[in-house]
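Inspection log for the structure reproduced underneath, given as structure tokens.
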Amino acid sequence: MLSPNVQKTIKTCFKYFKDEIPHFITRKEQNFMVAQTAKVLAGDFDKTRRIGVIEAGTGTGKSLAYCLGGIPLALSLGKKLCISTATVALQEQLLNKDLPMFRQFSRLDFKFGLIKGRQRYICTSKLELAADTQASSEQTLWHQPPDKDAIVLVKKLWDAWLDKSWDGERDSWPTPISNTIWLQIQCDKFGCNKQLSAHRQCPFHKAREEVDKLDVLIVNHSLLLADLELGGGKILPEPDSMFYVIDEAHHLPDKARDFSSASSSVLGTLDWLSKIDVMGKKISSTLKSDQLIGPMMKLSDHCNELSSEIKLIHQWLTTNSALFNNEDKRVRFENGVLPDSLLSVVENCESISKLALRDLNKVHQIVMEAYKDGDISAWKIEATLGDLGINLSRIEGQHKLWLMMKKKDSKHAAPTVRWIEQNDSAKGEFILNAAPIEVGYFLEDNLWSQAQGVVLCSATLTALNSFDHFRRSAGLKNNDGTQYIKLDSPFDFQNNGELIIPALKTEPSHDKFTDELIIQLKKRLTNDKASLVLFSSYWQMNLVAKTLRDKHSFSLLVQGEASRNALLTLHKDKCDNNLPSILFGTSSFSEGLDLPGNYLTNLIITKLPFAVPNSPIEQAHSEYIKTKNGNPFLVLTIPDASRKLIQSCGRLLRNEKDTGTITILDRRLVTKRYGKSLIDSLPPYKLTIEY
């Protein structure tokens with residue numbers, strides 16, 4: 001239960017904010033969110049199931065609300081508060097603005113910091129080897145010969161690390177570091193081992209030492225899920241020692257699916273398996289140990305066996321090449337069921353890859369023990385651990401894929417999606433993939449049932465004014481103790497925003513729709529100073545942009561022609577100088593884009609954001625719903641479109657004094673039965689339907 005002392009602290013902090021923060025506005029929605037956050041985490045609603053799902057409309061001030069509801073409670077109980085976000089922009093806002101301001105005005109004494117995965121940091125030993133041209137060549141550190149620019153950059157990185165002008169973190173280097181270079185020098189869980197004296201001062205380990213000193217941790221969803229996949233408490237503190245706030249929570253189910261999926265190329269796998277013996281010879285020449293002979297021989301045998309089985313799979317795919325005679329060059333197995341002739345080989349691959357993984361782990365163990373006993377030098381062990389780390393990661397991925405491909409699905413749950421893509425018909429390359437349809441079990445087993453308490457929040461968690469769609473995708477159940485709270489935005493939508501549905505002759509599926517789109521945009525982009533036009537496809541956006549430029553002399557800022565930041569900077573500069581500016585973007589511009597005040601007064605959405613079910617996962621999900629006598633369009637497509645439409649419309653009004661118009665160039669809002677439901681799920685803008 002929420003103690004009187006914590007209640008008093010929250011009220012005192014709020015009084016400080018109200019009295020001392022310039023232009024602080026008291027909002028009843030924000031106050032309610034503070035109270036609900038604190039009560040959920042304190043167990044006032046359910047002592048064993050402390051989970052709250054809060055949709056807080058734009059302008060609620062949710063960051064301050066969950067900090068005020070969560071931080072005093074966490075501090076009073078000696079718990080940490082972990083805030084997970086989906087975007088870098090929100091992480092930076094929390095780190096550089098929200099939390100410093102909260103700490104200053106609340107008078108609370110706490111430490112906070114941004115936690116990143118180990119792969120965002122250098123391994124100093126790898127970097128040192130890479131910077132030493134002769135050493136890196138001798139140790140064959142590079143998978144492919146580096147060019148001159150790469151060598152120059154690596155030396156600059158090493159010098160900057162030595163003179164302490166760089167902290168070894170990828171994002172803090174002033175210019176982008178290519179993946180080709182970064183993969184050679186990044187920290188990994190196998191090679192960058194704290195047991196090795198050379199690694200005790202590595203930037204990753206130094207950063208991890210700081211975690212214990214923090215009271216509030218800022219992470220992204222990927223890092224959170226990576227920790228949970230490892231069982232929790234491996235990267236972050238134990239789940240039962242933390243309260244979680246998951247902001248931008250509508251992204252969590254998709255992120256969880258990514259972590260629960262597996263894929264592998266056929267020829268690519270055969271290529272690296274053929275080089276296992278080369279790695280073995282390098283290790284044997286570095287460490288003269290009879291203990292290595294047995295596991296290395298077994299590893300070689302098992303990798304050869306695995307190669308033989310994968311060659312049979314390649315032969316099967318080549319023989320059945322007609323399966324890939326379609327636009328997507330893909331075969332998805334109905335209900336996730338593999339043909340018996342393929343399944344038997346997959347089962348063999350799973351059992352063999354499990355043995356190979358055991359063998360390689362044994363080799364890794366022997367090498368580490370030899371280092372502890374002084375049988376191998378610190379300098380020599382680095383390249384060895386680098387090779388071992390890369391191959392352990394690969395074999396782990398192999399075993400995960402084959403396990404998912406062979407697993408017998410429960411009749412009472414959604415099947416695993418299994419599909420194969422022809423990646424390169426000339427070379428005969430294929431990509432094998434497996435992914436779950438539903439990921440709720442993963443979140444239930446690893447987060448909901450393990451955490452001290454969780455609050456999930458976002459401006460868009462409902463679809464068609466219901467939490468049902470999110471609840472199902474996140475693995476939450478009816479009447480399980482989870483609290484659902486919907487807080488409306490404090491904005492005056494009726495007076496500040498107008499939603500216009502024009503009179504159109506065609507619908508988006510019509511051949512002439514693009515022509516009518518150009519006519520409508522020419523008319524509706526002429527007089528406004530700041531416009532954003534959202535398209536559902538790149539090809540249509542580029543075609544419309546070319547026509548408006550060539551035939552009507554429009555000046556446009558088009559996504560893809562410059563970086564997002566560059567386009568937004570140009571747009572704002574034009575607006576600041578009282579010049580008209582028109583931004584063209586696709587779906588990625590419909591979320592996380594903040595253009596307050598005079599930076600956006602005219603938002604145009606070219607069509608309703610219906611997802612085309614062309615991904616294997618979407619197709620399989622629709623197939624599964626049909627087997628349950630459901631309607632995929634009503635269960636998946638409409639709710640998803642509702643959420644995306646709310647996000648898109650949310651680009652217009654960012655502050656209470658903002659004004660403008662939203663024009664949706666899709667007559668289906670009026671002509672189709674579902675149109676009214678989509679309109680009703682939007683904020684209460686003044687509605688104008690043209691006839």
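The values are calculated or read from the model by the stated rules, or taken from the named source; none is laboratory data. Because the structure is a prediction, the values reported are computed rather than measured. No Cβ is skipped: glycine too gets one built from the backbone with ideal geometry, and neighbour counts run over all protein chains shown.
Test GLY57 against the criterion of being touching a residue at least 40 places away in the same chain (Cβ under 8 Å) and farther than 18 Å from MET242 by Cα, and give yes or no.
Values: touching a residue at least 40 places away in the same chain (Cβ under 8 Å): yes; farther than 18 Å from MET242 by Cα: yes.
Spelling it out, GLY57 is indeed touching a residue at least 40 places away in the same chain (Cβ under 8 Å) and farther than 18 Å from MET242 by Cα.
Name every residue in segment 365-403 that is small (Gly, Ala, Ser) and touching a residue at least 12 places away in the same chain (Cβ under 8 Å), in order of residue number. Lay out the reasoning, then the answer.
Residues of segment 365-403 that are small (Gly, Ala, Ser), as a first pass: 370, 374, 377-378, 383, 386, 389, 393, 397.
Within segment 365-403, ALA370, ALA378, ALA383, GLY386, GLY389, SER393, GLY397 meet the criteria.
Here are some residues: ASP215, ASP271, ASP240, ASP247. Which one is among the acidic types (Asp, Glu) and closer than 30 Å to GLU350 by Cβ? Even if it seems obvious, please write down each step before you answer.
Numbers: ASP215 fails: closer than 30 Å to GLU350 by Cβ; ASP240 fails: closer than 30 Å to GLU350 by Cβ; ASP247 fails: closer than 30 Å to GLU350 by Cβ.
Within the list ASP215, ASP271, ASP240, ASP247, the selection yields ASP271.
Among (1) part of a loop (DSSP other than H, G, I, E, B); (2) surrounded by 21 or more Cβ atoms within 10 Å (Cβ to Cβ); (3) over 19 Å from the mean Cα position of the chain (by Cα); (4) of a type outside the set (Gly, Ala, Ser), there is one condition LEU461 misses while meeting the rest; what is its number?
Unmet for LEU461, out of (1) part of a loop (DSSP other than H, G, I, E, B); (2) surrounded by 21 or more Cβ atoms within 10 Å (Cβ to Cβ); (3) over 19 Å from the mean Cα position of the chain (by Cα); (4) of a type outside the set (Gly, Ala, Ser): (3).
Using beta carbons and a limit of 9 Å, which pairs, at least six apart or on different chains, have the first residue in segment 552-572 and farther than 21 Å from ILE518 by Cβ and free of Cβ contacts under 8 Å to residues at least 12 places away in the same chain and the second one part of a strand (DSSP E or B) and among the acidic types (Asp, Glu)?
Going by the 9 Å Cβ cut-off, there are no qualifying pairs.
Do we have any residue at all in segment 608-619 that's of a type in the set (Asp, Glu), over 30 Å from ALA503 (Cβ atoms) and surrounded by 18 or more Cβ atoms within 10 Å (Cβ to Cβ)? Don't jump to the end; show me each part of the working.
Going residue by residue through segment 608-619, those that are of a type in the set (Asp, Glu) are 618.
Next cut, over 30 Å from ALA503 (Cβ atoms) only: 618.
Those still in the list that are surrounded by 18 or more Cβ atoms within 10 Å (Cβ to Cβ) too: 618.
Within segment 608-619, one or more residues are of a type in the set (Asp, Glu), over 30 Å from ALA503 (Cβ atoms) and surrounded by 18 or more Cβ atoms within 10 Å (Cβ to Cβ).
Out of (1) in a loop (DSSP other than H, G, I, E, B); (2) within 19 Å of ASN465 (Cβ to Cβ), what's the single condition that is false for ASP640?
(1)
With the checklist (1) free of Cβ contacts under 8 Å to residues at least 24 places away in the same chain; (2) part of a helix (DSSP H, G or I); (3) closer than 30 Å to LYS126 by Cα in hand, flag the one item SER351 doesn't pass.
Status for SER351: all satisfied but (3).
Do you know which of the residues in segment 594-634 that are in contact with a helix residue (DSSP H, G or I) (Cβ under 6 Å, 6 or more places away or on another chain) and without any contact (Cβ under 8 Å) to a residue 24 or more places away in the chain is farthest from ASN542 (Cα to Cα)?
Checking each candidate, the answer is ILE625.
Anything in segment 464-508 that is more than 23 Å from GLN30 (Cβ to Cβ) and part of a strand (DSSP E or B)? List them, or say none. Full working, then the answer.
Of segment 464-508, the ones more than 23 Å from GLN30 (Cβ to Cβ) are 464, 466, 468-469, 471-481, 498-508.
Those that are more than 23 Å from GLN30 (Cβ to Cβ) and part of a strand (DSSP E or B): SER466, GLU498, LEU499, ILE500, ILE501.
What number goes with the only condition from (1) outside any loop (DSSP other than H, G, I, E, B); (2) over 27 Å from the mean Cα position of the chain (by Cα); (3) under 23 Å from LEU595 (Cβ atoms) that GLN91 does not pass?
Here GLN91 meets the rest and fails (2).
Find the residue count for segment 100-132, including only residues that are out of contact with any helix residue (DSSP H, G or I) (no Cβ under 7 Å at 6 or more places or on another chain) and farther than 23 Å from ILE185 by Cα.
6
Would you mind finding the one in TRP419, TRP402 that is aromatic (Phe, Trp, Tyr), outside any helix (DSSP H, G or I) and closer than 30 Å to SER473 by Cα? Don't jump to the end; show me each part of the working.
Values: TRP402 fails: outside any helix (DSSP H, G or I).
Only one candidate qualifies: TRP419.
Give ASP594, ASP666 a once-over and let me know the one that is farther than 19 Å from PRO684 by Cβ and out of contact with any strand residue (DSSP E or B) (no Cβ under 8 Å at 6 or more places or on another chain).
Selected residue: ASP594, the only one of ASP594, ASP666 that is farther than 19 Å from PRO684 by Cβ and out of contact with any strand residue (DSSP E or B) (no Cβ under 8 Å at 6 or more places or on another chain).
Tell me, please, whether a residue that is closer than 30 Å to THR384 by Cβ and in a helix (DSSP H, G or I) can be found in segment 316-324.
Filtering segment 316-324 for residues closer than 30 Å to THR384 by Cβ gives none.
No: zero hits.
Residue under question is PRO609, and the condition is that it be in a loop (DSSP other than H, G, I, E, B) and in contact with a strand residue (DSSP E or B) (Cβ under 9 Å, 6 or more places away or on another chain); does it hold?
Criteria met by PRO609.
Taking the conditions exactly as written (out of contact with any Ser or Thr (no Cβ under 7 Å at 6 or more places or on another chain), assigned by TED's automatic domain parsing to the domain that holds SER588 and modelled with pLDDT of 95 or more), does LYS505 satisfy them or not? Before the answer, list the steps.
Working: out of contact with any Ser or Thr (no Cβ under 7 Å at 6 or more places or on another chain): yes; assigned by TED's automatic domain parsing to the domain that holds SER588: yes; modelled with pLDDT of 95 or more: no.
Taking the combined requirement at face value, the residue does not satisfy it.
Among the residues of segment 516-570, write down those that are under 26 Å from VAL88 (Cα atoms) and surrounded by fewer than 17 Cβ atoms within 10 Å (Cβ to Cβ). Spell out the reasoning first.
So in segment 516-570, the residues under 26 Å from VAL88 (Cα atoms) come out as 530-538, 557-570.
Across segment 516-570, the qualifying residues are SER537, TYR538, GLY560, GLU561, ALA562, SER563, ARG564, ASN565, ALA566, THR569, LEU570.
So which residues in segment 331-361 are closer than 18 Å to ALA435 by Cα, at pLDDT 95 or above and among the charged types (D, E, K, R), if there are any at all?
ARG332, GLU347, GLU350 - these are the residues of segment 331-361 that are closer than 18 Å to ALA435 by Cα, at pLDDT 95 or above and among the charged types (D, E, K, R).
Please go through segment 306-363 and give me each residue that is hydroxyl-bearing (Ser, Thr, Tyr) and within 24 Å of ALA414 (Cα to Cα), ordered by number. Talk me through it step by step, then tell me what you get.
If we filter segment 306-363 for residues that are hydroxyl-bearing (Ser, Thr, Tyr), which is where we start, we get 307-308, 318-319, 321, 341, 344, 351, 353.
Once the filter is applied, which keeps residues that are hydroxyl-bearing (Ser, Thr, Tyr) and within 24 Å of ALA414 (Cα to Cα), segment 306-363 yields SER341, SER344.
So how many residues does segment 388-421 have that are surrounded by fewer than 21 Cβ atoms within 10 Å (Cβ to Cβ), of a type outside the set (D, E, K, R) and in contact with a Phe, Trp or Tyr (Cβ under 7 Å, 6 or more places away or on another chain)?
Qualifying residue count for the region: 2.
Considering only residues that are under 17 Å from ASN320 (Cβ atoms) and either at pLDDT 95 or above or in a strand (DSSP E or B) (or both), which ones fall in segment 425-453? Quick ask: steps written out before the conclusion?
If we filter segment 425-453 for residues that are under 17 Å from ASN320 (Cβ atoms), which is where we start, we get 425, 428-433.
Selection gives GLU429, PHE430, ILE431, LEU432, ASN433.
Looking only at segment 465-509, which residues are at positive phi and either touching a Pro at 6+ places or on another chain (Cβ under 6 Å) or surrounded by fewer than 18 Cβ atoms within 10 Å (Cβ to Cβ) (or both)? Break it down stepwise before answering.
Initial filter on segment 465-509 (at positive phi): 465, 475, 479, 481.
Across segment 465-509, the qualifying residues are ASN465, ASN479, GLY481.
Pick from segment 106-143 the residues that are under 30 Å from the mean Cα position of the chain (by Cα) and among the basic types (Lys, Arg): which of them is modelled with the highest pLDDT?
Per the stated criteria, the residue is LYS111.
Among the residues of segment 206-247, write down those that are modelled with pLDDT under 95, farther than 25 Å from CYS192 by Cβ and touching a Ser or Thr at 6+ places or on another chain (Cβ under 8 Å).
none
With touching a residue at least 12 places away in the same chain (Cβ under 8 Å) and outside any helix (DSSP H, G or I) as the only criterion, which of VAL345, VAL331 stands out? It would help to see each step written out before you state the result.
On the way: VAL345 fails: outside any helix (DSSP H, G or I).
Matching residue, one of VAL345, VAL331: VAL331.
Looking at (1) within 20 Å of THR601 (Cα to Cα); (2) under 30 Å from the mean Cα position of the chain (by Cα); (3) of a type outside the set (Asp, Glu), which is the one condition that is false for ASN542?
The failed condition is (1).
Checking MET33 against (1) in contact with a helix residue (DSSP H, G or I) (Cβ under 8 Å, 6 or more places away or on another chain); (2) surrounded by fewer than 23 Cβ atoms within 10 Å (Cβ to Cβ), which single condition isn't satisfied?
Unmet condition: (2).
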